[in-house]
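The values are calculated or read from the model by the stated rules, or taken from the named source; none is laboratory data. Quantities reported herein were computed from a predicted structural model and do not represent experimental measurements. As a convention, Cβ positions derive from the backbone with ideal geometry for all residues, glycine included, and neighbour counts pool all protein chains shown.
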Amino acid sequence: MQKQPVFISPAPLRSEIELQHCLEVGITERYGPVVSGEPLLRLLAFKNQDAMRRAINRGRLTVPIFTIEHRRGKFALATDLAEWLIVQRSSAIFNQAWQVF
């Protein structure tokens, strides 16, 4: 008999939609609706700008990053960052569940 994966969640009472909303509100309250600079690096878990630049150039960053005319740097919407973080978390939970086997 094959075992079914066990899904382990640190917040079992919250749905992903609720978590995404909480993240989005928190990011927006702290950084505004458009995030750039050091906060963007931290939210994407990059150590420095060069690491993020390389990820963007190699097409490895799946969150939408954009530029703004006449502005320096890269930008992302708080909404997109919250969704990306939830997708990363869901992927990790799924992978942990299958590692039991």
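General remarks:
- Considering only residues in region 74-101 that are at pLDDT 95 or above and not in a helix (DSSP H, G or I), the one that is surrounded by the fewest Cβ atoms within 10 Å (Cβ to Cβ) turns out to be F75.
- Consider region 51-73 and keep the residues that are buried (at least 16 other Cβ atoms within 10 Å of the Cβ) and closer than 22 Å to E29 by Cα. The one that is farthest from the chain's Cα centre (by Cα) is I65.
- Verdict on M1 being at pLDDT 95 or above and not acidic (D, E): no
- Residue match in region 28-50 (condition: in contact with a helix residue (DSSP H, G or I) (Cβ under 7 Å, 6 or more places away or on another chain), assigned to a helix (DSSP H, G or I), surrounded by 14 or more Cβ atoms within 10 Å (Cβ to Cβ) and at pLDDT below 90): no
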